[in-house]
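What follows is a set of notes on a single structure, which appears directly below.
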Amino acid sequence: MPKLILLLLASAALAAQDTPERPTARVAVGTFSDHFSDSSGTWKGWVVSGDWFHDAHGPWSFSAVGTRRPEGNGTLFSLSKDHTFGENSSLTAGLSVGTGADFVPRFRGDLDLALGLQGPWSLGLAGAWNSFGGGASTTLIQAGPAWTGEVWSASARVQQLRYLPGRETDLAWLLDVRWGASNLERWHSVRLAWGHGIIDSLQPGGSTSSVTSSLGGGWGRGQGGGGTQVTTTTTTYPNLQEIMVGTTSHLPLSRRLALRMDLGWGQRESQFTLWTGTLQAVMTF
């Protein structure tokens, strides 16, 4: 944690310059750590990701994420495409395959659609499906409004996570507020999530600190509110309230080099407290 703070202060002192207006590609390399206060201990991992700006509609993106837990190691490989259309509308589609421990989905598909409405308003609709070994799967649906200004933006979504077999469901609410118009320049965001099944809906390929800014389903602890473990047997748990608070900062250090830092805190009532962090170096070409 002291190293992360020093890096943050150093980046602020270096005064960022604008990145290229039309970059060709962007590559990020980093690490993350999730520490639970109960017997789950600490989960650690690495991430390599990149974007290729092939056309003006949006980049092709890839990632490879490895996670080490007490129950084993797993790696998820993902490929996605962003496509903007109309005014304030976009579609992101992705496919992923996983190897290793059972907590990694063997296959994953996801869609995230933003439909532009009047003025700065849009409607977000998203879904994800994860298939695991033994016939288990999870499905996730999100929907809610978003507002995009010149510098500030905000979104709110309701999330439903369903576990199969068993057909148990969890419901949660997500809120995101961001300062910064461009992903290539300096920006900061604050995220809040509360409800049930939040930690079970983690992005399958990264730290829990990114839970409220991305689709998820599958990398959770498998013991959420009303959820089931991702195994061949169905185990139901009490309906436990959860909350997560996170922040993300993208901090350019020079014309082409930037740091991305995620910090988060979460809690599942009567079970555990969670501290999480991610640090990535991002190079733009």
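Values in this text are rule-based calculations from the coordinates and carry no lab data. Bear in mind that the values here come from a model prediction, so they are computed numbers and not experimental data. Virtual Cβ from ideal backbone geometry, glycine too; neighbours counted across all protein chains shown.
I'd like the Karplus ³J(HN,Hα) series for region 91-98: coefficients 6.51, -1.76, 1.60, θ = phi - 60°, whole numbers in Hz, and an x wherever there's a Gly or Pro.
9, 10, 10, x, 10, 9, 10, x
Based on the Kirkwood radius over alpha-carbon pairs, what value in µm²/s does the Stokes-Einstein equation return for the translational diffusion coefficient of region 12-153 at 4 °C and 1.567 mPa s?
73 µm²/s
Give me the distance in nm between label points sitting 7 Å out from Cα along the Cα-to-Cβ direction at S39 and E269, one decimal.
Label at S39, label at E269, 2.4 nm between them.
Karplus couplings for region 146-155 from phi (6.51 cos²θ - 1.76 cosθ + 1.60, θ = phi - 60°), rounded to Hz, Gly and Pro as x?
Per-residue couplings from phi come out as 9, 10, 10, x, 5, 10, 8, 8, 8, 8 Hz.
Can you compute 3J(HN,Hα) from phi for each residue in region 74-85, using the Karplus curve 6.51 cos²θ - 1.76 cosθ + 1.60 with θ = phi - 60°, rounded to whole Hz and x for Gly and Pro?
Ordered by residue, 3J(HN,Hα) equals x, 9, 10, 10, 10, 9, 9, 9, 9, 9, 8, 7 Hz.
How far apart, in nm, are the 7 Å Cα→Cβ label points at A93 and L123?
The two pseudo-label positions are separated by 2.1 nm.
Once amide H atoms are placed 1.01 Å from N in the peptide plane, what residues at a sequence separation of 5 or more from N239, or on another chain, have their amide H within under 5 Å of its amide H?
Hits under the 5 Å cutoff: G226.
If R0 is 35 Å, what FRET efficiency do you get for A143 and A101 from their C-beta distance, rounded to 0.05?
Rounded to the nearest 0.05, the efficiency is 0.65.
Calculate, for A64 and V190, the FRET efficiency according to 1/(1 + (r/R0)^6) with r their C-beta to C-beta distance and R0 25 Å; round to the nearest 0.05.
Taking R0 as 25 Å, the efficiency between A64 and V190 is 0.35.
When 1/r is averaged over all different Cα pairs and the result inverted, which Kirkwood radius in Å belongs to region 133-181?
12.7 Å
Extension gain F85-A25, at 0.36 nm per residue separation less the Cα-Cα distance, in nm?
Between F85 and A25, full extension yields an extra 19.5 nm.
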